[in-house]
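Structure, as structure tokens:
The values are calculated or read from the model by the stated rules, or taken from the named source; none is laboratory data. What you see is a predicted model; the values in this text were computed from it and never measured. Please note: Cβ atoms are built from the backbone with ideal geometry, for glycine as well, and neighbour counts cover all protein chains shown. To get the accessible areas, we keep the full protein, side chains included, count just its heavy atoms, and leave off ligands, DNA and RNA. Shrake-Rupley method; radii C 1.70, N 1.55, O 1.52, S 1.80 Å.
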Amino acid sequence: MWRLAAALVLAAASALYDDVEHVTKFTTSEDAEKAIFGDDANVYVVHFYQGPNDEGVVDEHSPTITAAFAGAAKELADLGVKAACIDVADENMLKIAKRFNLRTVPHVVGVGAESRANPYTGKIDRAVEVYEPLATRGSLTKTEFKRWVSSKVFPADSVARVATKDELAAVPGPLAVLLTERATTSALAKSLGVALRGRLSIVEVQSSSELGEAVHGDEALPRFVASKESMDAASLKTADAFDGDLRDRSAVLEWLEIFALKERRPASSAKKEEKPQENEEGWPAGYSVETASTKDELEKILEREPAVVAYRKGASVASFAHKVVEMDGADAVSCVEVDCDGFKGPVCDGNDYVYYPYGEDKTPVVEEDGMSAFGEAALSLPVADVFPVSGKPDIETFLRLSVTHPDDDNAPVGLVVFAKKHDVSPTVRAAATTLARHAGVRVAQWSSPSLAEVAEYGVQKLPALLAFYATDAPEGADLPPGQKAVGAAAYPRSQFGPVTFMSLLSFMSSFLQQVAPETAQELIDGIRESSRVDPSSMRGESSTSSTPVSKGPTFADLNDPAAWDERCGAKASAALCAVALLDEHGRAAFADEKAIAESVAKSEQPSPFAFGWVDGACHADFAASFDVDDSKLPTVIAYAPKKERYAALVGRYSAADVRAFLRGVLRGSIGTAPLRAPLSLTEADCAAVHASRQAPVEEEDALDDDFMAELLAEEAAAKKALEEEAAAESKRLKEELEASKKKPDAPKKKKKKKKKKKSSEL
């Protein structure tokens, strides 16, 4: 049975929400999946808890948050939010618990995003937001929870904000337009956008925008108009308007149904993941394939390469090219294209594919197709670099050799593969050779162990990958003097995907960055030296310069839409942007935080990054596209405009950490993700936006939710604490800035010990 952490203690939680009409209790995983993932016209908040199980272990914490969750659910129901609870002690709910990747309870999530097909499983999926205060502070308060639902669970892309006539004309009908004075999108508008998703577009026009000033007359705001067709500025003035109470969501929704389509529009083809362009021969652009037009050329390649697949020029490589590229940089299996017009090679007598196995005896072996040839060549790779483990004594020996007592030149790290099968896969063979050669990291494989044997290492199922490393021993540990303790990090499949040579090397590179940065760089440099790929060609750039330099100022103010478009927009020349998201009017440390980002921009020149900053507190929807809200400011985003992918700084906002983050992105050790919502930067008076957020809530705030007034009291109480925190932060940043200006000492090069030659005895 699937279990939660053993730290949970006894309590009576079986009757949670039994008498609460606003909270649905699912009894089967199928019902839960159909409701939560099957219909994206609904927004769900879900509380996972554990009732009594066969071992008598239940969830003590969940009963303490039920009152707040149920109270919030009742009020959020006015915005169309559906609340549910799931008891993970019920075996019927194990499937849904695994789908949410549940590890502990209580666990609260929100689901409001649009449904999309998972590219790996084909299942319909929706992005999930986790209520972090429960995980980090162990608390759930009604007011804070409702605010989280309004700002995080309701997707920002459910409502389009337009500021010009051209932007309005581009929105297809039917549509409804909310004319408002608000600078931020209301929760009510978002909820309507979700409910009518795919059937009617919801648009907001701020009265102070170019379009708002053109169409706003003497009518009181807010004002909701709708049409079955697309609208321009002229029709916006004459369109049907809602004349009821805009706080009555049910009435507004019933009115909008008059204009909405009966069925959803066909899903517009979402932007597919960009695949590497292919050259005329079928290989990814930038990949260099060996060619042989004479016998001598072929023999030289066979002498140089470990294992080789040869194919006749013109034969298809579609079935195996991606496999060869996946092992790029491993010096494992390479390909050679044989030109039969030049000489009669091994693939010129009707056999299109042969392989030459690893070893000195390079005798060609004929295969029916390219994939078979590659597979056999890969299986010929040596297993000598993989340490065999058959029990606990073997793994203790391996850990002693690789972690606690490594050779002087090796990092105190070892990778162990816990495999289902006895065979060592080509991926593990290639990775072991590469890690040993470039990083001095040993690799072991424990084949077909029982789960009882490997439980003490944290392995719960096979296959598994663990990187072991040396760490300081805890106080009181019974270890020999000077001996280090051993820690372990599991391969995170959710981050790196299925195990391939490149994903395994990316994991080890990222891991080594934390425990042995110099070794990580040696590994990256070694793979690059062995690589057959020209990265600039794969990006569609010129290979004449390895470091493209961005044009314009070193550090730019990007708060103006025109400046953003020129610097980091879809048509900008920059391939990468490094954007500091700051809070100009809400944080006393703004000047110091901006100076940190600017100092990094100047110190990193020349750089492929175009550097700049945006007020993330003012441009909240813009920041939300990078999954950033006020609580995460200040931070830095690395953004690729052409691919619409980004990576966010994790950790302290300091010059050293920002530099390390950006260099990690360039090296490829830090992965990127697609935007959370369409990116749009609109013109705004940030001082006015900040002032409006501090002002008392007016009647129109009922469009957002009725609980905003409650927040003012909390914000006022926290204001003094925030000011003190900002002052302390300002002091720290000044010290950090001063430290960053100091030139670091050049790293000392290790001197190699010269071995003394023994005098020969006569």
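Phe242 passes every criterion in (1) more than 25 Å from Leu679 (Cβ to Cβ); (2) open to solvent by 40 Å² or more (accessible area, probe 1.4 Å) apart from (2). Inside the range 174-208, residues that are open to solvent by 20 Å² or more (accessible area, probe 1.4 Å) and polar (S, T, N, Q) make up a count of 5. Arg528 meets each of the listed conditions (1) closer than 30 Å to Glu683 by Cβ; (2) modelled with pLDDT under 75; (3) open to solvent by 80 Å² or more (accessible area, probe 1.4 Å); (4) under 26 Å from the mean Cα position of the chain (by Cα) apart from (1).
With respect to the conditions (1) of a type in the set (D, E, K, R); (2) in contact (Cβ under 8 Å) with a residue 12 or more places away in the chain; (3) open to solvent by 10 Å² or more (accessible area, probe 1.4 Å), Asp657 falls short on a single one, namely (2). Tell me which residues, restricted to the range 576-621, are aromatic (Phe, Trp, Tyr) and out of contact with any Asp or Glu (no Cβ under 9 Å at 6 or more places or on another chain). Correct list: Phe609 only.
If you check Asp361, Asp328 for being open to solvent by 60 Å² or more (accessible area, probe 1.4 Å) and in a loop (DSSP other than H, G, I, E, B), only one passes: Asp361. Residues that are modelled with pLDDT of 80 or more and of a type in the set (Lys, Arg) are absent from the range 103-123.
Filtered by the rule that a residue be assigned to a loop (DSSP other than H, G, I, E, B) and touching a Gly at 6+ places or on another chain (Cβ under 8 Å), the range 619-628 gives a lone residue, Val628. Screening Ala467 on (1) open to solvent by 30 Å² or more (accessible area, probe 1.4 Å); (2) at pLDDT 80 or above; (3) out of contact with any Lys or Arg (no Cβ under 9 Å at 6 or more places or on another chain) shows it passes everything except condition (1).
Criterion first (surrounded by fewer than 20 Cβ atoms within 10 Å (Cβ to Cβ), modelled with pLDDT under 75 and not basic (Lys, Arg)) does Ser545 satisfy it?
Yes; evaluated as a whole, the condition is true for this residue.
Taking the conditions (1) closer than 27 Å to Ala488 by Cα; (2) open to solvent by 40 Å² or more (accessible area, probe 1.4 Å) in turn, Glu376 satisfies each one other than (1).
Each row is one residue, and each column tells you yes or no for (1) of a type in the set (Lys, Arg); (2) under 26 Å from Trp283 (Cβ atoms).
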site: Cys340; (1), (2): no, yes
site: Lys344; (1), (2): yes, yes
site: Gly350; (1), (2): no, yes
site: Val365; (1), (2): no, yes
site: Gly370; (1), (2): no, yes
site: Ser380; (1), (2): no, yes
site: Pro388; (1), (2): no, no
site: Thr397; (1), (2): no, no
site: His405; (1), (2): no, no
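Here the range 379-406 is the region considered, the condition is being among the polar types (S, T, N, Q) and in a helix (DSSP H, G or I), and the residue that is surrounded by the most Cβ atoms within 10 Å (Cβ to Cβ) is Ser402. What number of residues within the range 304-315 satisfy the criterion of being open to solvent by less than 70 Å² (accessible area, probe 1.4 Å) and either in a strand (DSSP E or B) or closer than 14 Å to Glu367 by Cβ (or both)? The number of residues fulfilling the criteria is 6.
For the range 422-432, state whether one or more residues are hydrophobic (A, V, I, L, M, F, W, C), more than 19 Å from Leu504 (Cα to Cα), open to solvent by less than 20 Å² (accessible area, probe 1.4 Å) and assigned to a helix (DSSP H, G or I).
The answer is no, given that none of the residues of the range 422-432 is hydrophobic (A, V, I, L, M, F, W, C), more than 19 Å from Leu504 (Cα to Cα), open to solvent by less than 20 Å² (accessible area, probe 1.4 Å) and assigned to a helix (DSSP H, G or I).
Among the residues of the range 443-461, those that are within 29 Å of the chain's Cα centre (by Cα) and open to solvent by 20 Å² or more (accessible area, probe 1.4 Å) comprise Tyr457, Gly458, Gln460, Lys461. Going by the structure shown, is Ser599 touching a helix residue (DSSP H, G or I) at 6+ places or on another chain (Cβ under 9 Å) and part of a helix (DSSP H, G or I)? Yes; evaluated as a whole, the condition is true for this residue. Of all residues in the range 240-265, those that are among the aliphatic types (A, V, I, L, M) and within 13 Å of Val171 (Cβ to Cβ) total 0.
Candidates in the range 364-373 are the residues that are open to solvent by 30 Å² or more (accessible area, probe 1.4 Å) and of a type outside the set (A, V, I, L, M); of these, the one that is modelled with the lowest pLDDT is Glu368. Listed conditions (1) surrounded by fewer than 21 Cβ atoms within 10 Å (Cβ to Cβ); (2) modelled with pLDDT under 90; (3) aliphatic (A, V, I, L, M) are all met by Ala595, apart from (2).
Applying the selection to the range 124-164, what residues are among the acidic types (Asp, Glu), within 23 Å of Asp39 (Cβ to Cβ) and at pLDDT below 85?
The answer is Asp125, Asp157.
Residues in the range 340-358 that are out of contact with any Pro (no Cβ under 6 Å at 6 or more places or on another chain) and open to solvent by 40 Å² or more (accessible area, probe 1.4 Å) were compared, and the one that is modelled with the lowest pLDDT is Gly342. Checking each residue in the range 135-173 for being touching a helix residue (DSSP H, G or I) at 6+ places or on another chain (Cβ under 7 Å), under 16 Å from Ala226 (Cα atoms) and either among the aromatic types (Phe, Trp, Tyr) or open to solvent by 30 Å² or more (accessible area, probe 1.4 Å) (or both) picks out only Arg161.
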